[in-house]
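J.: Below: one structure in structure tokens.
All of the numbers you see were taken from the coordinates with simple rules; none came from a lab. Quick caveat, the model's predicted, so the values are computed rather than measured. Ideal geometry is used to build each Cβ from the backbone, glycine not excepted, and the neighbour counts take in all protein chains shown.
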Amino acid sequence: MLDLFILAPLACLILINLPPVGSRRLALPLAMVLAGVQAIAVLCLPYMPRLDGPLTSFFNFGLQITPLGRMLLLAVGLVAFVSLLVGQASLGQDRRLWQFASMMLLAITGMNGAVLVSDLFSLYVFMEVLAVCSFILIAFNRDPLALEGAFKYVILSAVASVLMLGSLSLMLLVAGSTGFAALKAALAAGSASPLLKLAMAGFVCGLFIKGGLAPFHAWLPGAYSSAPAAVSVLLAGVGTKVSGLYALLRLAMDVLPPSAALGQAVMVVGAFSMVVGAVAALVQKDIKRLLAYSSISQMGYVVLAAGCFLADAGSADWRLVAAGELAMAGAIFHLFNHSVFKSLLFVNSAAVERQAGTTDMQLLGGLGSRMPVTGATSVIAALSTAGVPPLAGFWSKLVIILALWQSGMQAYALLAVAVSVATLGYLLLMQRRVFFGRTAPNLQGVREGSEGYVVAELILATVTVLVGLAFPLLMHLGSFLLPANLNL
Amino acid sequence: MSANVLDIALTVLLVAAAVWTVSTARMLRSVIGLAATSALLTAILFRLDSPLAAVFELSVCAGLIPAILVSAVGLTARMDDDALARRKRAKLKVFALLPVILAAAAWALVRLNVPLDFALPAAQGPGATVQTTLWNLRQADLVGQIAVLLAAAFGVVVLLKGKSQ
């Protein structure tokens, strides 16, 4: 059954590339149906009967789904669907749509594979699938800025790949396997080889680069801001999360042994990302660059919480262990929430760019009355990003901050609150500059974006509001939201 | 002794081919360098008693990937002479640090006394073939690698075919 998450996108890819050429017109609708079905199937997965048939007996990928994986698969389906909607509205020609849909299907294959495998080498292979698709999608329009953004990503991604592949070879040499279980056993042994620890550190550094965390973030603002709108949505929504942060959380839960020193090191990277991203976002003049730095800052929260989990998991005090598990629950929840509200903000910026012809905030103003849906949904996404109740972002940040406080890490908790205030500041400044105030004379004729943008905005805004309002229910359902081993 | 000399020679040639691959100014020569690097790596993998990895390296990295790259090179324009001269000057600076980095890494390995006497992972068994090993043990990786190759092929079409905007 799980194999279908990898096989179905590949089957769709083959289908839309078969002759006659007329089948290319079906490329985008088919990819959208696939992404939509994935989102629905993930929600229904716990209630679906196990399917055994010729397909499942022929293929054996050894896949495994965890609550974290389920959350990511849902985000992949949702964000890919929205990205395809934006692509349909912005790319125009049939040929370009077919190429875009083909690349998106391969990217979905890569993301689904990375989420479902339980072997570090397989994870690396699927991360490379996503990385190759990302290079091509960033440069999709072939303009100089896009090519520069893609080139920076290629170079830094190659550095990450070298680190990860070198680490994997050392892991194979020392532990004899790259499976999560074998690596966990090798690392947990009292006499774990220093070479294995070094290899794991190298792999985690590679993940930091792929995830665009400060100080490894040099590629991210250029890539996000120069990519076509639909690609920015995909990359900011799920791309970097799957290739960097998901793997980090999975390692923290399933492979790395609890360690206060390791947890503190990860927390330092998370806190640094939070602060650097927020400070840099404060001085940006371009919407997409501001959102890119905001992503770096928000991902810092996830890494900070993962570090808290690692630091507390080995404690003899059950209250600290519980606080660490709460931090991991917050990290997973914030990862999902960020996928949704950051995708929404990128869809908003795409609609503004399409209609006003620029994303330079100095040239914009008063668009709220001319683009009411874009303006209103942008406010919802901005407030959720800043952690304003009762939106989804408030709950995930609250869980992370409470967990940090209960772990005795009050300084980090206060820092997280301060960064939230800064986030509210730069996002409200962006709202004022773009959607409020007087409309510039050259923007008098601007109207709401096409249906593709509006539908995408409404879907994501609805999810942001509903997840926020239904949070107590989601906590009650538990198994979907929280790590399997969490026992609050 | 002669085996050691052969291993050292293959390793030196591998590094030299890799450096030439990334430093040459002509893209086609770079592709040839990549194929040569992969062929040398194949020989090293055979020497390390890893025939399955060697066969895969030879077929995919020395065969299929250069074929995709050559098709991409065929769709690009030739670099002008000034740019070519600049590239040639720049490559000396880029690789000036390489011997220093290699020497530092070797010094660190010796100085830190890193244990390197690991037993190699167990062989796949007497009946193992390329097909059974890849399909039974690394099926997900195989599909992932097919997806990487498909992405590369689509990348050539998306980025290089047709007029640039």
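J.: Quick one: A:Cys12, A:Cys308, fewest Cβ neighbours within 10 Å first, how do they rank?
T.: Values: A:Cys12 22, A:Cys308 32.
Ranked by crowding around the Cβ, least crowded first: A:Cys12, A:Cys308.
J.: Going by how many other Cβ atoms sit within 10 Å of their own, how do A:Tyr47, A:Tyr412, A:Tyr224 line up, fewest first? Don't skip to the end; give the middle numbers.
T.: Values: A:Tyr47 6, A:Tyr412 23, A:Tyr224 29.
So the residues, fewest neighbours to most, are A:Tyr47, A:Tyr412, A:Tyr224.
J.: Please work out whether segment B:2-118 counts as rounded, prolate or oblate from its C-alpha gyration tensor, where a ≥ b ≥ c are the square roots of the eigenvalues and a/c under 1.5 means rounded, while otherwise a/b larger than b/c means prolate and anything else oblate? Before the final figure, lay out each step's value.
T.: On the way: a/c = 2.92, a/b = 1.32, b/c = 2.21.
Oblate, since a/c reaches 1.5 and b/c is not below a/b.
J.: Structure shown: which of A:Lys210/A:Lys397; A:Lys241/A:Lys342; A:Lys197/A:Lys397; A:Lys241/A:Lys285; A:Lys288/A:Lys397 lie over 20 Å apart, alpha-carbon to alpha-carbon? Provide the component values of the computation, followed by the final result.
T.: Working: A:Lys210/A:Lys397 23 Å; A:Lys241/A:Lys342 12 Å; A:Lys197/A:Lys397 31 Å; A:Lys241/A:Lys285 25 Å; A:Lys288/A:Lys397 23 Å.
Too far apart for the 20 Å limit: A:Lys210/A:Lys397; A:Lys197/A:Lys397; A:Lys241/A:Lys285; A:Lys288/A:Lys397.
J.: Express the Stokes-Einstein translational diffusion coefficient of segment A:268-409 in µm² s⁻¹, to the nearest whole number, given a Kirkwood radius over alpha-carbon pairs, 37 °C and a viscosity of 0.692 mPa s.
T.: Working: Rh = 16.0 Å.
Translational diffusion coefficient: 205 µm²/s.
J.: Taking each pair of different alpha-carbon atoms in chain A once, compute 1/r for the pair, average those values, and report the inverse of that mean as the Kirkwood hydrodynamic radius in Å to one decimal. Please report the intermediate quantities before stating the final value.
T.: On the way: mean 1/r = 0.0445 Å⁻¹.
Roughly 22.5 Å, rounded to one decimal.
J.: So how do B:Asp49, A:Asp143 line up by other beta-carbon neighbours within 10 Å, fewest first? Don't jump to the answer; show the numbers that get you there.
T.: Details: B:Asp49 10, A:Asp143 14.
Going from sparsest to densest Cβ surroundings: B:Asp49, A:Asp143.
J.: Can you tell me how segment A:74-157 classifies by the Cα gyration tensor, rounded, prolate or oblate, using a/c under 1.5 as the rounded cut?
T.: Numbers: a/c = 2.52, a/b = 1.29, b/c = 1.95.
It is oblate, given that a/c is not under 1.5 and a/b is not larger than b/c.
J.: Something else now. Just need the relative contact order of chain A here, percent rounded to a whole number, with Cα pairs under 8 Å and 6+ apart. Don't skip to the end; give the middle numbers.
T.: Details: 858 pairs, mean separation 72.3, N = 488.
After rounding, I find 15 percent.
J.: About the Cα centre of the protein assembly as shown, how large is the charge dipole given +1 on each Lys and Arg Cβ and -1 on each Asp and Glu Cβ? Please answer in debye to the nearest 20.
T.: Numbers: 39 positive and 25 negative charges, 310 e Å.
In total the dipole reaches around 1480 debye.
J.: Using the Kirkwood radius built from alpha carbon pairs, what does the Stokes-Einstein equation give as D for segment A:409-453 at 4 °C and 1.567 mPa s, in µm² per second?
T.: Details: Rh = 13.6 Å.
Result for D is 96 µm²/s.
J.: Over segment A:2-127, what portion of Cα pair distances is larger than 23 Å, expressed as a whole percent?
T.: Working: 2602 of 7875 pairs.
The answer is 33 percent, as a whole percent.
J.: Once every DSSP H run of n ≥ 4 in chain A is given -39500 (n - 2.57) and the sum is divided by its residues, what mean residue ellipticity at 222 nm do you get, rounded to the nearest 500 deg cm²/dmol? Mind dumping the intermediate values first?
T.: Details: 20 runs with 354 residues, N = 488.
One gets -24500 deg cm²/dmol as the mean residue ellipticity at 222 nm.
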